[in-house]
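Read-outs: derived from the displayed coordinates by stated rules, not from any lab. Given the structure is predicted, the values throughout are model-derived calculations rather than measurements. Cβ placement follows ideal geometry from the backbone for every residue including glycine, while neighbour counts extend to all protein chains displayed.
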Amino acid sequence: MASTVFQHGLPRPVPTTSSYEELFPPTYRFDELPPLWPAVKGGYKTPIYILGWLVRVRNARIRFGGYHTPWNCNVALARWNELGFDNEENKRDGVCEPDVMVYGEHHFLFAIADNQLVGLRAMKRPEVRERALQEALQVLEFDPKRATVEKIRWFRLPAPRNVLKKPVSFPHIYCEKKHVLPQLIREMMDGSWKKRYPPQFAPGFLKYLEWEREYDARKQKVIAQQQKIAQKEEKSGLSDSSESTTVGPSSS
């Protein structure tokens, strides 16, 4: 899934018109299907939607970059094969191993499908949809009492800015400060997954992927710092203008 969704890069900024929001809402429920990507609807190109669970991790984009290709291609795929899910039934139905990416600034999105033709065709069938969900839970070692059907969503890319302010539309199953994160997530965050699942990439390619992740993290950190400076300058300018007064000649 990752290679096909991201081979053309991240989607362009979302138009702010109300008609776009009506045609392509930020989320769909598990049992709903978003429009097919990249079909044109209402004069707009359909955005990418990802089906998965959110895990809240403060400053995830700054701390970890945008997309975890080494983890996806090693840990998720290795566990998928270990559990015997790389079988003819899943290949026939278009069910594949879960992926993970950073969603917005403060969430990981653990994905099991997208709105391309293969993904939608698989998720259209309730029995295939349920099988994909159960197999993803086993691969990711998520607690089924937390990673429920009610909290899995189709999430539109890119993430809207108000993800944190709408917990009903964007529910998370774990929060770094409130819950003990599953072992796979902790290993992904601290890099210790490499001990259990040695990377299968050529050393040069793996080094490039790590550089790309670190570069993205540094870039996001610089952007965040620039935004803080701009906000301080804006507040300082407002303060100066409110304190300034016009001094006229004194009367004798």
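Find the percent of Cα-Cα distances in the stretch 43-99 that exceed 18 Å, and round it to a whole number. Please list the in-between numbers first.
Values: 866 of 1596 pairs.
Of all Cα-Cα pairs in the stretch 43-99, 54 percent lie more than 18 Å apart.
May I ask which of LYS45/LYS145; LYS194/LYS221; LYS145/LYS177; LYS91/LYS221; LYS41/LYS166; LYS41/LYS232 have a Cα-Cα span longer than 30 Å here? Present the calculation step by step, with values, prior to reporting the outcome.
Working: LYS45/LYS145 37 Å; LYS194/LYS221 25 Å; LYS145/LYS177 19 Å; LYS91/LYS221 40 Å; LYS41/LYS166 26 Å; LYS41/LYS232 42 Å.
Pairs exceeding the cut-off: LYS45/LYS145; LYS91/LYS221; LYS41/LYS232.
Excluding residues on the same chain fewer than 8 positions from LYS195, give the lysines whose Cα lies under 20 Å from its Cα.
By straight Cα distance, LYS195 reaches LYS207.
Roughly speaking, what is the stretch gain from ILE223 to LYS194, that is 0.36 nm per residue apart minus the C-alpha to C-alpha distance, in nm to one decimal?
Stretched fully, the ILE223-LYS194 segment lengthens by 7.5 nm.
I need the calculated FRET efficiency for the pair TYR215 and VAL168, taking r as the beta carbon distance and R₀ as 35 Å, to the nearest 0.05.
Numbers: r = 35 Å, r/R0 = 1.01.
Step by step, r from the Cβ atoms, then E = 0.50.
Arranged from highest to lowest average of other beta-carbon atoms within 10 Å per residue, in what order do the peptides 103-114, 71-82 appear? Before the final figure, lay out the partial values.
Numbers: 103-114: 23.8, 71-82: 19.2.
The densest-packed peptide leads the list: 103-114, 71-82.
Once you place label points 7 Å from the Cα toward the Cβ at ASP31 and LYS177, how far apart are they in nm?
3.5
For the pair GLU82/GLU150, report the inter-label distance in nm, with labels modelled 7 Å from Cα in the Cβ direction.
3.2
So, counting K/R as plus one and D/E as minus one, what does the shell of residues with Cβ under 12 Å around ARG129 add up to?
Details: positive: ARG29, ARG121, LYS124, ARG125, ARG131; negative: ASP31, GLU32, ASP93, GLU127, GLU130, GLU135.
Local net charge: -1.
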